[in-house]
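Only one structure is covered here, and it is reproduced in the block below.
The values are calculated or read from the model by the stated rules, or taken from the named source; none is laboratory data. Owing to the predicted nature of the structure, the values given are computational and were not obtained by experimental measurement. Reconstructed Cβ throughout: ideal geometry from the backbone, glycine too, with neighbour counts over all protein chains shown. Areas reflect the complete protein model, heavy atoms only, side chains present, ligands, DNA and RNA absent. Shrake-Rupley method; radii C 1.70, N 1.55, O 1.52, S 1.80 Å.
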Amino acid sequence: MSHDVHKVRQFEHPGEGRRRAKATPKGRQVDPTAGHEIELLLGDRPRRRDLLIEYLHLIQDKYHQISAAHLAALADEMKLSFAEVFETATFYAHFDVVKEGEADIAPLTIRVCDSLTCAMLGAEKLLEDLQSKAGPGMRVVRAPCVGRCDTAPAAEVGHNFVDHATVESVLATAKAGDTHAHPPKYTDYAAYVAGGGYKLLGRLRTGELSRDDLLKSLDDASLRGLGGAGFPTGRKWRAVLGEPGPRLMAINGDEGEPGTFKDRYYLETDPHRFIEGMLIGAHVVEAAEIYIYIRDEYPAAREILEREIAKLPAGGPTLHLRRGAGAYICGEESSLLESIEGKRGLPRHKPPYPFQVGLFGLPTLINNVETLWWVRDIVEKGADWWKSHGRNERFGLRSFSVSGRVKNPGMKLAPAGITVRELIDEYCGGMADGHRFYAYLPGGASGGILPASMDNIPLDFGTLEKYGCFIGSAAIVILSQHDSVRSAALNLMKFFEDESCGQCTPCRVGTQKAALLMQQPVWNRALLDELSQAMRDASICGLGQAASNPLTSVIKYFPDEFKEAAE
């Protein structure tokens, strides 16, 4: 850790790094047994505030729940108030907090994804059947999107995923005790280096390749942030570099948008291409430390990163791998920073922006996994190579996460500007048998819904906005004549209602009210329009601002399904 970063953290958390005499207990007493268990569990790990979520995971993993006694003991051990620890633990869906007087939670939790694609492919019945047939010691609960839309319906047994899940396959996995992640085959460090990996990073570090020339390559290719916002990458790196040091870097691997799984694909197949891009970014902005935040729903990707980071040669920035805990809101960049700091993932007000005041109050470069994955190819092959791809007057490549009613769903690397019809026919083997193309989501849960008649729109940044939609992270969900867009929009609104952090009223109350209104046989359009506008105008972050896009799309483009209440 750099000396300056340590100074900032000392300022934020007085007493960090040294033991203080325990004050006279006021109110809640610490159970001696729980205190001993927590002390043993933490061992010689530092008692820093930013590690709180990591330590909650330690408790959850060992005891399959977090008791009030363990929360109190953890708070005491870390010199935090019980309220701080409790509010953080209860904010995240994957921490099962058992309050005083409540019964213990079953030792094995089975989660069934109920987001859109899984719902379309039978998740509701799967959930009901599992709940009725699960054996003793098992708990079956709903889960928001787990990033396996291409193998829907998906269920998670402990930390092991069952693709194309059935009651039989899930219960067999549970009874076999197969609860750990199974990383797929991937390009490891030796294979990556043998294929020319890390040469670009070496050229940059030795000065053979200048920082300015590298940034020019990114500018010439017009590489944009591929997490959804689409901000020019070179410009972002320059903005961070323009702030006084010390600087930090944070990786947004919290890919929680329903329909999206491209980052998981890249992490589970070619992780070092991402790691090299990350180290290049850190070198450019002179970041001494990198915090890599991976969503808890990606245990295999996290295990791969742990293995492969350990193989990197000594030197370079310090790498910290951080684990999410089931909160979609942490995909928002400032919420991500709050979570890395060990807090609830509440979005920050802007300005200041993270490149000015970010992680631990320092200028911070935040990049998405896929954005960094492309850095090596673009610099080594050149901007002209990147621009040689594309259709319909667009250029570059896009990683489309395609799911739903197609014959061959999955991650499809295709030219930017391809239309959804071309994507289905050329990359997905056409529609699934018995299904006719009816509608599609061009940009995940918040990107809106369009009818099949609008199948000739180039899919890229800036091409969908005039239709009230956007491409976001390029998650494409295909619906057929057997699906209802009203039901799809309601599913998405319930997702946003559940995932709202609750900080601002327009989002917290707006998503709840919208979901209630959308469950009515006929919709009150005037009220829904007013509600949608309030959410767009006054929500703090993109969740509330974009949550009504599917709703307004149904009203605008699907008159046969939309029924309006009479005046």
- Query: Using the Cα atoms as the points, what is the convex hull volume per residue of the chain in Å³?
  - Reply: 165 Å³
- Note on the structure: Of every hundred units of 1.4 Å-probe accessible area on the range 232-341, the number belonging to carbon and sulfur atoms, as a percent, is 49 percent
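Classify the range 397-456 as rounded, prolate or oblate, taking a ≥ b ≥ c as the square roots of the eigenvalues of its Cα gyration tensor: rounded when a/c is under 1.5, otherwise prolate if a/b is larger than b/c and oblate if not. Numbers along the way, then the final one.
Values: a/c = 1.42, a/b = 1.07, b/c = 1.32.
Rounded is the answer for the range 397-456, as its axis ratio a/c remains below 1.5.
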- Could you list the GluC sites (Glu not before Pro) in the range 339-400 that lie in coil according to DSSP, counting only those with at most 15 other Cβ atoms within 10 Å of their Cβ? E393
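Could you give the C-alpha radius of gyration of the range 279-324 expressed as a fraction of 2.2 N^0.38 Å, taking N as the number of residues it contains? Let's see the in-between values first.
Numbers: Rg = 11.4 Å, N = 46, 2.2 N^0.38 = 9.4 Å.
Against the empirical 2.2 N^0.38 Å value, I get 1.21 for the range 279-324.
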- If you project the alpha carbons of the range 245-384 onto their three principal axes, what span does each projection cover, largest first, in Å? 39, 35, 34
- Relative contact order for the range 89-159 using alpha-carbon pairs under 8 Å, separation at least 6, rounded to a whole percent? 40 percent
- Using just the C-alpha positions of the range 320-392 as equal point scatterers, what log10 of I(q)/I(0) does the Debye formula give at each q in 0.16, 0.18, 0.27, 0.28 1/Å? -0.70, -0.78, -1.23, -1.31
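Just check the range 100-257 against the gyration tensor rule for me: Cα atoms, a ≥ b ≥ c as the square roots of the eigenvalues, rounded for a/c under 1.5, and otherwise prolate or oblate depending on whether a/b exceeds b/c.
Details: a/c = 2.66, a/b = 2.35, b/c = 1.13.
It comes out prolate by the Cα gyration axes.
For the range 394-503, what class follows from the C-alpha gyration tensor (a ≥ b ≥ c being the square roots of its eigenvalues): rounded when a/c is under 1.5, otherwise prolate if a/b is larger than b/c, else oblate? All intermediate terms of the calculation are to be shown ahead of the outcome.
Details: a/c = 1.72, a/b = 1.21, b/c = 1.43.
Since a/c reaches 1.5 but b/c is at least a/b, the shape of the range 394-503 is classed as oblate.
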- Once you measure Cβ to Cβ distances between cysteines in the chain, which Cys have no partner under 4.7 Å? C145, C149, C330, C428, C469, C501, C504, C507, C541
- Query: In the range 131-170, how does Rg compare with the Kirkwood Rh, expressed as the Rg/Rh ratio over alpha carbon atoms?
  - Reply: 0.95
- Item | Length-normalised contact order of the chain in % [C-alpha pairs under 8 Å, at least 6 apart] | 12 percent
- Task: Let me know the Rg and Dmax you get for the range 63-115 when you use only its Cα atoms, in Å.
- Result: 12.4, 39
- Task: Per DSSP H run of n ≥ 4, the term is -39500 (n - 2.57); total these for the chain, divide by its residue number, and report the mean residue ellipticity at 222 nm rounded to 500 deg cm²/dmol.
- Result: -12000 deg cm²/dmol
- Cα-projected label distance for R142 with I105, points at 7 Å along beta-carbon direction, nm: 1.7 nm
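If eta is 1.002 mPa s and T is 20 °C, what Stokes-Einstein diffusion coefficient results for the range 450-557, Kirkwood Rh from Cα pairs, in µm²/s?
Values: Rh = 14.5 Å.
Using the Kirkwood radius from Cα pairs, D works out to 148 µm²/s.
Anything over 31 Å Cα to Cα? Flag those among K99/K185; K62/K185; K125/K350; K62/K311, in the order listed.
Values: K99/K185 41 Å; K62/K185 28 Å; K125/K350 43 Å; K62/K311 27 Å.
Violating the 31 Å limit, Cα to Cα: K99/K185; K125/K350.
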- Once Rh is set to the Kirkwood radius over Cα pairs, what Stokes-Einstein translational diffusion coefficient, in µm²/s, holds for the range 139-220 at a temperature of 37 °C and a viscosity of 0.692 mPa s? 196 µm²/s
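I need the fraction of alpha carbon pairs in the range 65-149 separated by more than 20 Å, rounded to a whole percent. Spell out each step's value before the answer.
Details: 1731 of 3570 pairs.
Percent of Cα pairs beyond 20 Å in the range 65-149: 48.
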- Between Rg and the Kirkwood Rh of the range 208-317, both from Cα atoms, what is the Rg to Rh ratio? 0.96
- Item | Spin-label model distance (nm) - D537 vs S222, 7 Å beyond Cα toward Cβ | 3.4 nm
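Filter the chain for me: DSSP H helices, axial length by Cα at least 18 angstrom, mean Kyte-Doolittle hydropathy not below 1.0. List them by residue number. Kindly include the intermediate steps, with their values, before the conclusion.
Values: long enough: 271-285 (22 Å, 0.73); 485-499 (21 Å, -0.02); 505-518 (19 Å, 0.32); 525-538 (19 Å, -0.36).
What comes out of the filter, once short or polar helices are dropped, is none.
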- Query: What is the range 158-256's relative contact order, in percent, from Cα pairs under 8 angstrom and six or more apart in sequence?
  - Reply: 13 percent
- Note on the structure: Heavy-atom accessible area per residue of the range 83-219, all protein chains kept, 1.4 Å probe, expressed in Å², is 47 Å²
- From the C-alpha gyration tensor of the range 171-212, square roots of 5λ in Å: 42, 11, 6
